[in-house]
Ligand SMILES: NC(=O)c1ccc[n+]([C@@H]2O[C@H](COP(=O)([O-])OP(=O)(O)OC[C@H]3O[C@@H](n4cnc5c(N)ncnc54)[C@H](OP(=O)(O)O)[C@@H]3O)[C@@H](O)[C@H]2O)c1
């Protein structure tokens, strides 16, 4: 019983920490920046679940796509408008090389090193932002997750009390750093916070905004729908400098 109570205290404390450390609303969307219509986009995390959807849908929409990948054989795409740059987001030189000539960046960076304290997301995002500044790229759309900042708890009780405290504390703490680095940058940014991801098809019926998610049940969304929403953010100011949830 004491152990259970201690664990509960830890889980609730972690959730409060994630709420305080992640991005919280406060900088309103600016209508002053005219929405751009980029045609050249860099996709980071292009070999992952969401990343592959981003690549496929961006090509379908007519974008000229550069994919920064560690292992090109995992990309599963080949197209005349697709350029592959082999590199690592933790290597500033390769990020800078991939950023050359881009108008916008989409990041679906993630990893599976759950049980170690890591800075892959935050350090990788810092490298992206440094390259963004050097090459004057205007917009960054980055996928993080419900459950941090002002969406803390919104992945539902199962994630808040079990999955995040037991499996993902280091990962989510790094996501809070990642969000704060983005929010503190000068680029036009949109942070996209999905619920639990599925590999389902695009349903096109997406709920989005700051009140998405549930404190009880787990909300879900397909990677295909998240990718479509992220691509929509390239030419829209609706969520500029905010972090909408999607489910
Ligand atoms: N799973 C969920 O239910 C869930 C819910 C909400 C939010 N999210 C978040 O959504 C994001 C995308 O998730 P996902 O499952 O679609 O993606 P994923 O399959 O985990 O893919 C992650 C991508 O990041 C790349 N990557 C990792 N480290 C890298 C590095 N050092 N340099 C360059 N690329 C690197 C991976 O490349 P490799 O192929 O080389 O490994 C891969 O392309 C993640 O941040 C995840 O935490 C997930």
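Values quoted throughout were computed directly from the atomic coordinates according to the rules given, and no laboratory measurement underlies them. Quick caveat: nothing in here was measured; it's all calculated off a predicted structure. Don't worry about glycine lacking a Cβ; one is built from the backbone with ideal geometry, like all the others, and counts go over all protein chains shown.
For the Cα atoms of the chain, what angle does the longest principal axis make with the long axis of helix 2-21, in degrees from 0 to 90, nearest 10?
The two axes meet at around 40 degrees.
Can you compute the helix-only [θ] at 222 nm over the chain? Use -39500 (n - 2.57) per DSSP H run of at least 4 residues, normalise by all residues, nearest 500 deg cm²/dmol. All intermediate terms of the calculation are to be shown ahead of the outcome.
Numbers: 6 runs with 80 residues, N = 247.
It comes out at -10500 deg cm²/dmol, rounded to the nearest 500.
Could you check the spin-label model distance between residue 158 and residue 133? Points 7 Å from the Cα along Cα→Cβ, value in nm.
If labels sit at residue 158 and residue 133, their model points lie 4.2 nm apart.
So for 7, 63, fewest C-beta neighbours within 10 Å to most, what's the order?
7, 63
Using only Cα atoms and rounding to the nearest 10 degrees, what angle (0 to 90) does helix 120-134 make with the longest principal axis of the chain?
Roughly 30 degrees between the two axes.
For an R0 of 45 angstrom, estimate the FRET efficiency from the Cβ-Cβ distance between residue 40 and residue 4 and round to the nearest 0.05.
Working: r = 53 Å, r/R0 = 1.19.
FRET efficiency, residue 40 to residue 4: 0.25.
Treating the angle as unsigned and between 0 and 90°, give the value, to the nearest 10°, between the Cα long axis of helix 169-183 and the longest Cα principal axis of the chain.
Helix 169-183 sits roughly 50 degrees off the main axis of the chain.
For region 101-119 and region 151-229, what is the separation of their C-alpha centers, rounded to whole Å?
14 Å
Along each of the three principal axes of the Cα atoms of region 183-240, give the extent in whole Å, ordering the values from largest to smallest.
Dimensions of region 183-240 along the principal axes of its Cα atoms: 35, 25, 15 Å.
Quick one: work out Rg over Rh on the C-alpha atoms of the chain, Rh as Kirkwood radius.
Result for the chain is an Rg/Rh of 0.96.
From the square roots a ≥ b ≥ c of the eigenvalues of the alpha-carbon gyration tensor of region 87-226, which class results: rounded (a/c under 1.5), prolate (a/b over b/c), or oblate?
Judged from the Cα gyration tensor, region 87-226 comes out prolate (a/c at least 1.5, a/b above b/c).
Between residue 111 and residue 86, what is the label-point separation in nm under the 7 Å Cα-to-beta-carbon projection?
Distance between the two pseudo-spin positions: 2.0 nm.
Could you tell me which of rounded, prolate or oblate describes region 1-105, using a ≥ b ≥ c as the square roots of the eigenvalues of the alpha-carbon gyration tensor, with rounded for a/c under 1.5 and, failing that, prolate when a/b is larger than b/c and oblate otherwise? Write out the running numbers ahead of the final one.
On the way: a/c = 2.68, a/b = 1.71, b/c = 1.57.
Prolate, because a/c is 1.5 or more and a/b exceeds b/c.
What is the order of 228, 60, fewest Cβ neighbours within 10 Å to most?
Working: 228 19, 60 10.
By the 10 Å Cβ count, ascending: 60, 228.
What is the fewest-to-most order of 116, 135 by other Cβ atoms lying within 10 Å of their Cβ?
Lowest count first: 116, 135.
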